[in-house]
Amino acid sequence: MPAIPIPTVTQARLIREQKDWSNVPTGPISWVLREDIFDPVTRTRRGRLYETDTTFAQPSSHRVVPHPYEDPFGRQEGAGGRTAKQLLVYKTCRSLLAEKKQGLGLTLALGDATAVSAWRIIQAEIDVTGCLMVTLKSLSAFGILPELDIAKVPSDLQKPSAQAFERVLNSAFRETSISVVDQCRNAMTLLMSAWLIAQGHDRSILAEDLGKVADVVGKAPFDKQALMLAAKIVARLHSRGKDNEKLSKGLRAPVDEDAEFAVEAVGFALRELGWAVG
């Protein structure tokens with residue numbers, strides 16, 4: 001039977017490692033998400049996940065009830081009120097349930113190679129009809145990171161500052177945790193240094209690492225101690241990405257949640273420096 005109103009159906013691909021981003025779907029033979037609910041406030045989506053049914057040729061011929069939006073006057077109806085259609089056939093995506101923890105915590109890419117977004121699987125269950133219902137949380141850095149007010153950045157530092165900020169946006173939730181933390185550390189170092197120069201500080205600050213820049217920001221006359229502490233945590237996370245640091249000090253490597261913190265810290269820095277738009 002036709003679905004009314006027509007639901008939003010999006011191609012999907014499970015992201016297990018970074019290289020999977022280069023293999024997002026380019027055609028309809030894949031997983032698909034039929035969206036039931038989207039909440040822009042909590043940035044969550046809930047819907048039914050299906051996978052291609054390989055027991056059928058794709059597409060294959062089926063006799064179905066004509067969709068009223070395509071044939072409002074029933075002109076295509078044949079015997080038994082049905083018409084022949086070439087259709088793609090999908091089934092409940094039980095492949096996800098075969099993943100570790102039934103896929104919870106994994107990333108699902110929605111869209112195709114032209115435009116794709118990242119979502120974390122936070123819940124999965126089978127409903128009474130046998131469909132797999134999944135709840136997804138947006139992993140986009142947009143909405144987390146404010147826009148950089150580039151006009152407030154010293155003119156000679158505007159281009160590198162914009163590029164460093166853009167690299168954070170591009171890496172967030174797509175690259176490894178270590179890489180994301182590294183991009184965040186680089187952006188915070190440059191942006192905080194540029195802010196200090198705009199306040200009249202010596203340009204030699206551009207040669208310092210994030211820990212040193214944080215110390216200057218946290219002391220008089222600036223006294224931005226909350227920003228200093230956030231920056232120092234990002235600096236520590238960055239050092240944990242180095243094998244010699246992990247081995248010599250018995251530290252754990254950064255994980256996705258640490259990378260999320262680093263991205264949030266960049267946004268916090270923009271707000272504390274007064275360089276966030278709005």
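Quick notes on this structure:
- Cross-linked pairs 152/242; 224/246; 100/242; 101/137; 137/242: Cα-Cα separations exceed 23 Å for 152/242; 224/246; 100/242; 137/242.
- Taking Cβ atoms as reference points and 9 Å as the exclusive limit, the residues near residue 47 contribute a net charge of +2, counting Lys and Arg as +1 and Asp and Glu as -1.
- The Cα center of region 150-175 and the Cα center of region 224-240 differ in position by 19 Å.
- Anisotropy class of region 133-184 from Cα gyration tensor, a/c 1.5 cut: oblate
- Using a Förster distance of 45 Å, the FRET efficiency for residue 245-residue 85 (Cβ separation, nearest 0.05): 0.15
- A straight chain from residue 115 to residue 56 at 0.36 nm per residue would run longer than the Cα-Cα distance by 18.4 nm.
- Remark: relative contact order (the chain) = 15 percent; criterion is Cα-Cα distance under 8 angstrom and separation of 6 or more residues.
- Note on 8, 189: ascending count of other Cβ atoms within 10 Å places them as 8, 189, the fewest first.
- Extending 7 Å from the Cα toward the beta-carbon at both residue 97 and residue 220 defines two label points whose distance is 6.6 nm.
- Region 110-146 and region 41-66 have Cα centres spaced 16 Å apart.
- Alpha-carbon centroids, region 241-278 and region 177-192: separation in whole Å: 7
- Per residue, the convex hull volume that the Cα atoms of region 150-273 enclose (Å³): 100
- Kyte-Doolittle mean at least 0.0, axial Cα span of 18 Å or more - DSSP H helices of the chain: 177-198, 225-240, 256-273
- Listed residues 178, 197, 121, most fluctuating in the chain (Gaussian network, C-alpha, under 10 Å): 197
- Annotation: average projected area of the chain is 19.8 square nanometres, based on the convex hull of Cα atoms across all directions.
Values quoted throughout were computed directly from the atomic coordinates according to the rules given, and no laboratory measurement underlies them. Every value quoted in this text rests on a predicted model; they were computed, and no experiment measured them. Virtual Cβ from ideal backbone geometry, glycine too; neighbours counted across all protein chains shown.
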